1. Can you find even one residue in region 227-240 that is closer than 20 Å to L109 by Cα and at pLDDT 95 or above?
2. Can you tell me which of I313, I320 is over 19 Å from the mean Cα position of the chain (by Cα), among the aliphatic types (A, V, I, L, M) and surrounded by 21 or more Cβ atoms within 10 Å (Cβ to Cβ)?
3. So which pairs qualify, if the first residue must be in region 112-124 and in contact (Cβ under 8 Å) with a residue 12 or more places away in the chain and within 16 Å of A77 (Cβ to Cβ), the second must be among the aromatic types (F, W, Y) and surrounded by 13 or more Cβ atoms within 10 Å (Cβ to Cβ), the Cβ gap must be under 9 Å, and the two must be at least 6 apart or on different chains?
4. Need at least 3 residues that are out of contact with any Pro (no Cβ under 9 Å at 6 or more places or on another chain), surrounded by 17 or more Cβ atoms within 10 Å (Cβ to Cβ) and at pLDDT 95 or above per element, so show me which helices (runs of 4 or more DSSP H) inside region 1-96 make the cut, counting only ones lying wholly within it.
5. Quick check on my filter: what residues within region 205-262 are touching a residue at least 60 places away in the same chain (Cβ under 8 Å) and aromatic (F, W, Y)?
6. What are the pairs, 6+ residues apart or on separate chains, where a residue within region 78-91 that is closer than 18 Å to F316 by Cα and touching a residue at least 60 places away in the same chain (Cβ under 8 Å) has its Cβ under 6 Å from a residue that is part of a helix (DSSP H, G or I) and not basic (K, R)?
7. Taking the condition of being assigned to a strand (DSSP E or B) and of a type in the set (K, R), how many residues in region 202-223 meet it?
8. For region 258-300, name all the residues that are crowded, with 16+ Cβ neighbours inside 10 Å, among the polar types (S, T, N, Q) and within 24 Å of the chain's Cα centre (by Cα).
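The values are calculated or read from the model by the stated rules, or taken from the named source; none is laboratory data. Please read these numbers as outputs of a predicted model, since none were measured by experiment. Note that we place each Cβ from the backbone using ideal geometry, even for glycine, and neighbour counts take in every protein chain shown.
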Amino acid sequence: MTSGSGNSLGSKRLRLAVVGLGKMGLSHLAVVRTHPDVELVAACDATAYLTDVIAKNAELKCYTDYDALLAQEQIDAVLIATPSKLHASMVQKALDRGLHVFCEKPFVLELADGNRLHALAQSKRLVTQVGYHYRFVGAFQEAARIVGSGALGTVHHVRAEAYGPVVLRPQGMTWRSSKGQGGGALYDYACHAIDLVNFVTGMPSSVSGVVRHSVYSRDVEDEIYCTMHYDGGASGQLSVNWSDESFRKMSTRLSVWGTNGRVVADRQECQIYLREPHAALPDVQVGWNVRYTTDLTDPVWFYLRGEEYSAQIDYFVQSILTKRLNGHNAFGTALETDRMVAMILAGGTAAAPIPAHRPGLLARLMGA
């Protein structure tokens, strides 16, 4: 995806500040600073040592106080990449000042906050976006296109999976594994898989059979499983575990079954199986077909960790410049993921550690 040339701000570039300089914040900062339509005005983080280092070595004005940044800088938009518990209050302050907002996922930890902020952004006609970057991966976009074409026939089942090695031993809590700050695997991992379900097959109407286990964490769940239900009878499965060291890094996969075939997509490729040819996909043959992300992805001006990270920032920038208010991952779309999380929380018991000793076959298989 290349940067667009249209600029409704006239000759002035979009003036933007990045708030939160952890791993994702620093990645966003690097992408934003190279964008041809953006002027990176300032950055902000509560850690003074970090802001001192960046100010000195990157020659960027830095703040340790978010309110001071908002009061002293003339900006058009803010990119928020702070711990999840801070999202609602920081987004609120930005919207109150008439700023466009890109917020890292998850949007908010409380559904009521999300509803309020979405309504406020709409009333002010501000561009919003939440960082669900998988929507900008070519293979997942291809899966959405195929399902939307109707070529799979009647869709009757979807499965979303996300696994990775985040929490692998009992240890002190980080903000991600704190219930009140990050929300655990449900908010940090499962929300990506849920958003992909909503993107490709639409939001389920209910969930059942919710399982939430804390494998190592004390305050949150490390694995989540549930059944999803659609109006009309289609079903789905959600399977998430961030305590799986058999994966080197986060791995997310989406599978969709229909009466005329199946599609399976992950970060690397989109596999399509058709039982019978379909007019909507004249270039897809009967049987298995494979489309690779490298062939499905437009080039970006700056590569960091994957084209999707630059592509989502460019999409946000171009949404502002063209006054596109309801694009991919706007607050209203992100709220669908938050509603699914709320359904899962309402349908399951509170997270609790797995007992050290279990009766029966499962205990023997686990060596208990």
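1. Here is the first cut: in region 227-240, the residues closer than 20 Å to L109 by Cα are 238, 240.
From the residues that got through so far, the ones that are at pLDDT 95 or above too are 238, 240.
Yes: one or more hits.
2. Of I313, I320, the one residue that is over 19 Å from the mean Cα position of the chain (by Cα), among the aliphatic types (A, V, I, L, M) and surrounded by 21 or more Cβ atoms within 10 Å (Cβ to Cβ) is I320.
3. As it stands, the answer is L117/F107; L117/F331; A121/F331, since those pairs meet every condition given.
4. The helices (runs of 4 or more DSSP H) meeting that bar are 23-34, 66-72, 87-96.
5. W242, F247, W257, listed by residue number.
6. Here the result reads V78/A94; L79/H28; I80/M90; A81/M24; A81/G25; A81/H28, each pair linking region 78-91 to a residue that is part of a helix (DSSP H, G or I) and not basic (K, R).
7. From region 202-223, those assigned to a strand (DSSP E or B) are 206-214, 223; that's our starting set.
Retained after the next criterion (residues that are of a type in the set (K, R)): 212.
Looking only at that region, the number is 1.
8. Q271, T293, T297, listed by residue number.
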